[in-house]
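S.K.: Dumping the structure here so I can ask a few things about it.
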Amino acid sequence: MPYEAFATLPISRLEVGGGVIEVAFAPGPLDLGHQPVLDWIATSARAVTAYYGRFPVRQVRLLVIPGSGRGIRGGTTYGYRGAAIKVTVGRETQAEDLSRDWVMTHEMVHLALPQLVGDHDWLGEGIATYVEPIGRVQAGSLPVEKVWSDLVDGLPKGLPKPGDRGLDRTPTWGRTYWGGALFCLLADIEIRQRTGNRKGLEDSLRAVNESGGNVEVHWPIEKVFEIGDRATGVPVLRDLYDRMKARPVDVDLAHLWQQLGVKLDGESILFEDSAPLAPIRRAITGGTTA
């Protein structure tokens, strides 16, 4: 656990989006030194701030552990003794590895959702998977094409397979991460359709966080959806959850991409701005009023 380390290690303090990030480095060499890692942490925090309108918690302790090899080796977010994140960075990691990384932003998105009572890991992991690249686009650190190329590639992994019993009852990796992300995309689109593109999922998630919902507290999933739906004025989250929680719901992704104006051309993503849902696609990555 990262908590004990903060009693003995030097601390670097970052202030982003109204929050304070206290960073400690566990003993061990990093080829690129500490400053690029601190810059990467701050960039990730700005991406989360761009989506939520503020940093999700007042203070978080972040432990960086040097590991073997190159690249980000994984991270974990905690909340039971105050918000904390532990991340392992390979000793041979280079600056370009940090600029491409999604792990730190993913873990910071976890700060903005309460720990859920019951078996609902798919919501937390789905939100983090969905919001992470959108926040990075909004902060200017990721091209918008990357959001949609990752969704086109990843969402099929979240579709129900034979024997699926719904999101609450099928805790496979694909359903947890990408099934949860599919729930988020469907909710985002439906909220925007029903509000004339004036509101989106980010309004729901911001309201949850602003109401005291973060990783330091435990809430039932129903409370999250109640607050989120109240913020948009339409009961999309609750209704979609009722449809998807206990039974498989298949989605025609090819039709959805056509409606959004997202086209895969070889390894490139092209946008068709005359598509029926193109304004919603643009608003998702550009903000509610885009």
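Read-outs throughout are calculated quantities, based only on the coordinates presented, and are distinct from any laboratory measurement. Just so we're clear, the structure is a prediction, and the values are computed from it rather than from any experiment. Note: ideal-geometry Cβ built from the backbone for every residue, glycine included; neighbour counts use all protein chains shown.
S.K.: Where Lys and Arg each count +1 and Asp and Glu each count -1, what net charge lies around residue 192 among other residues with Cβ under 13 Å from its Cβ? Show your work: numbers first, answer last.
M.R.: Working: positive: 194, 198, 199, 281, 282; negative: 188, 190, 202, 203.
Result for the local shell: +1.
S.K.: Right, here's the next one. What is the order of 199, 263, fewest Cβ neighbours within 10 Å to most? It would help to have the intermediate numbers written out before the result.
M.R.: Details: 199 21, 263 15.
Ascending Cβ contact count within 10 Å gives the list 263, 199.
S.K.: Something else now. Pick from 194, 81, 175: which residue has the top mean-square fluctuation in a GNM of the chain where Cα pairs under 10 Å get a spring?
M.R.: Its mean-square fluctuation being the largest, the pick is 81.
S.K.: Additional query: Could you give the length gained by full extension between residue 26 and residue 121, i.e. 0.36 nm per residue of separation minus their alpha carbon distance, to one decimal place? The partial results should precede the final answer.
M.R.: On the way: separation 95, 0.36 × 95 = 34.20 nm, distance 2.89 nm.
My answer for the length gained is 31.3 nm.
S.K.: Helix-derived [θ] at 222 nm for the chain: sum -39500 (n - 2.57) over DSSP H runs of at least 4, divide by residue count, nearest 500? Before the final figure, lay out the partial values.
M.R.: Working: 11 runs with 124 residues, N = 290.
Result for the chain: -13000 deg cm²/dmol, rounded to the nearest 500.
S.K.: DSSP beta bridges in the chain, what fraction antiparallel, as a percent rounded to 5?
M.R.: Values: 15 of 32 bridges.
So the antiparallel bridges amount to about 45 percent of the total.
S.K.: Quick one: which of 86/245; 199/223; 157/245; 161/263; 146/199 span more than 21 angstrom between C-alpha atoms?
M.R.: Working: 86/245 31 Å; 199/223 19 Å; 157/245 17 Å; 161/263 25 Å; 146/199 23 Å.
Among 86/245; 199/223; 157/245; 161/263; 146/199, the Cα-Cα distance tops 21 Å for 86/245; 161/263; 146/199.
S.K.: Quick one: length gained pulling residue 263 to residue 11 fully straight, 0.36 nm per residue minus the C-alpha distance?
M.R.: Working: separation 252, 0.36 × 252 = 90.72 nm, distance 4.63 nm.
Length gained, residue 263 through residue 11: 86.1 nm.
S.K.: Using the C-alpha gyration tensor of the stretch 151-213, what are the square roots of 5 times its eigenvalues, in whole angstrom, with the largest one first?
M.R.: 25, 15, 10
S.K.: May I pose another question? Which whole number in µm²/s is D for the stretch 143-286 by Stokes-Einstein, with the Kirkwood Rh taken over Cα pairs at 25 °C and 0.890 mPa s? The partial results should precede the final answer.
M.R.: Numbers: Rh = 16.0 Å.
D = 153 µm²/s.
S.K.: What's the whole-number percent of alpha carbon pairs in the stretch 16-107 lying beyond 16 angstrom? Each step should come with its number before you reach the end.
M.R.: Working: 2114 of 4186 pairs.
When all Cα pairs of the stretch 16-107 are counted, 51 percent exceed 16 Å.
S.K.: Report the rotationally averaged projected area of the stretch 113-172 based on its alpha-carbon convex hull, in square nanometres. Write down the numbers at each step before the final one.
M.R.: Values: hull surface 19.4 nm².
The directionally averaged projection comes out at 4.8 nm².
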